[in-house]
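The values are calculated or read from the model by the stated rules, or taken from the named source; none is laboratory data. This one's a predicted model, so the numbers in the text were calculated from it and none came from an experiment. Note that each Cβ is placed from the backbone with ideal geometry, even for glycine, and that neighbours are counted across all protein chains shown. Each accessible area value is taken on the protein alone, full model and side chains, heavy atoms only, with ligands, DNA and RNA left out. Shrake-Rupley method; radii C 1.70, N 1.55, O 1.52, S 1.80 Å.
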Amino acid sequence: DPHLSDAHRTLADVYFAKNEFDKARPHYEAALETITKDFRVYDNLGQVLLQHKDYGKAVANFNIALELKANSPQTLSNLGTAQFRLRQFREATDSFNKALALKADLADPHYYLGDMARWQNKEQEALAEYYKALKIDPHHVDANYRMGNHFMKEDKPAQAIRHYQIGRAHV
């Protein structure tokens, strides 16, 4: 029966766990035809949509997930990432700050806050955020890349190479 929402959800969860997002998406969408109050379905579908670069739909699903479970730091972080990708910087900053207030050891919000500071020519603020991301996750690929770029501009190639190598090793 193609309308068995529990079967669709279970199959979607299996594909999601295997990082097979292309296969998970239609099953989450089918499950939502009858399941409407399930945080995990909306949250996981938001993550799938984020991977597919369908940021507007990802934001919508993360917002519904947050209506069901308001204090999910990872969902807030993922929402911030989607908002960042949509260039909704005020909203992204708010989402990242809420996520960090709930769980201070999330690296991605610091990385994105660093990028937003960098774009505003707030170099020291950006570096501070990248350092926070790396303190939490020393192998954070993007933060290492940004630090490598910084050290290249500062004519410190040994430090730059170290960050590039760490980032490359964890892609």
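Things to note:
- Residue that is farthest from ALA58 (Cα to Cα) [pool: residues in segment 5-27 that are aliphatic (A, V, I, L, M) and open to solvent by 50 Å² or more (accessible area, probe 1.4 Å)]: ALA7
- For segment 90-146, a tally of residues being hydrophobic (A, V, I, L, M, F, W, C) and more than 14 Å from the chain's Cα centre (by Cα) returns 11.
- Matching residues, segment 120-150, being in a helix (DSSP H, G or I) and charged (D, E, K, R): GLU123, GLU125, GLU129, LYS132, LYS135, ASP142, ARG146
- Taken over segment 77-115, residues that are open to solvent by 30 Å² or more (accessible area, probe 1.4 Å) and within 18 Å of TYR55 (Cα to Cα) amount to 10.
- Test: residue in segment 28-40 that is open to solvent by less than 20 Å² (accessible area, probe 1.4 Å) and either out of contact with any His (no Cβ under 8 Å at 6 or more places or on another chain) or part of a loop (DSSP other than H, G, I, E, B) (or both): no
- Per the listing LYS132, LYS122, the residue uniquely crowded, with 19+ Cβ neighbours inside 10 Å and farther than 27 Å from LEU49 by Cβ is LYS132.
- Residue within segment 62-76 that is crowded, with 24+ Cβ neighbours inside 10 Å, aromatic (Phe, Trp, Tyr) and farther than 13 Å from ASP43 by Cα present: no
- Selection of segment 10-46 for residues being at pLDDT 90 or above and of a type in the set (D, E, K, R) yields ASP13, LYS18, GLU20, ASP22, LYS23, ARG25, GLU29, ASP38, ARG40, ASP43.
- Checklist (1) modelled with pLDDT of 95 or more; (2) assigned to a helix (DSSP H, G or I) applied to ARG168, failing item: (1)
- Residue pairs meeting the criteria (Cβ under 6 Å; at least 6 apart or on separate chains; first of a type in the set (Ser, Thr, Tyr), in segment 15-42; second open to solvent by 40 Å² or more (accessible area, probe 1.4 Å)): TYR15/LYS23; TYR42/ILE64
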